[in-house]
Amino acid sequence: MKQHPVHDKQLSPVEQQLKAQLEANTAVTQPLSWQQLSDTLPQPLATHKKPWGWFGLSSLAVAAAAAWLVVIQPNPAPLNPAMEATQPMLLAGNYTLDYVDQKLQQAYLHDADQAHIDALWQQRKLLTVQEDAS
């Protein structure tokens, strides 16, 4: 862009007024701090808060429905009866034999004396003889 050459002549009153306005508008002012700038800006309106209570209530309802479907309702019959456990349930007399077996295992693990282990083996033999007799 071509600039006009500056002449040494006197400026007209209108030009002097325009020059004064230009200098006033382009004058460097003191820079503002962030605090001063934020004080001059308009404050935002309060935003509408989301209804988190309804969100929590709906998630609680979903969790309750899932618990009712999975835990509370009785399990249906198995789809394949051939896959059921084939091991019979222990009878009341078998619990004593199972208890003696556990005591034997613990005795071996804790290095019990041989007399204690022999006594447990005799007790186990007696229980198996009684079970076979009945």
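The values are calculated or read from the model by the stated rules, or taken from the named source; none is laboratory data. All figures in this text were calculated on a predicted structure; none of them were measured in a lab. Heads up, the Cβs are rebuilt from the backbone with ideal geometry, glycines too, and the neighbour counts pull from every protein chain shown.
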Criterion (assigned to a loop (DSSP other than H, G, I, E, B), of a type outside the set (V, I, T) and either at pLDDT 80 or above or surrounded by 11 or more Cβ atoms within 10 Å (Cβ to Cβ) (or both)) met by exactly one of A119, A112, A63: A112
Selection within region 6-60 - over 27 Å from the mean Cα position of the chain (by Cα), of a type in the set (K, R) and modelled with pLDDT under 80: K9
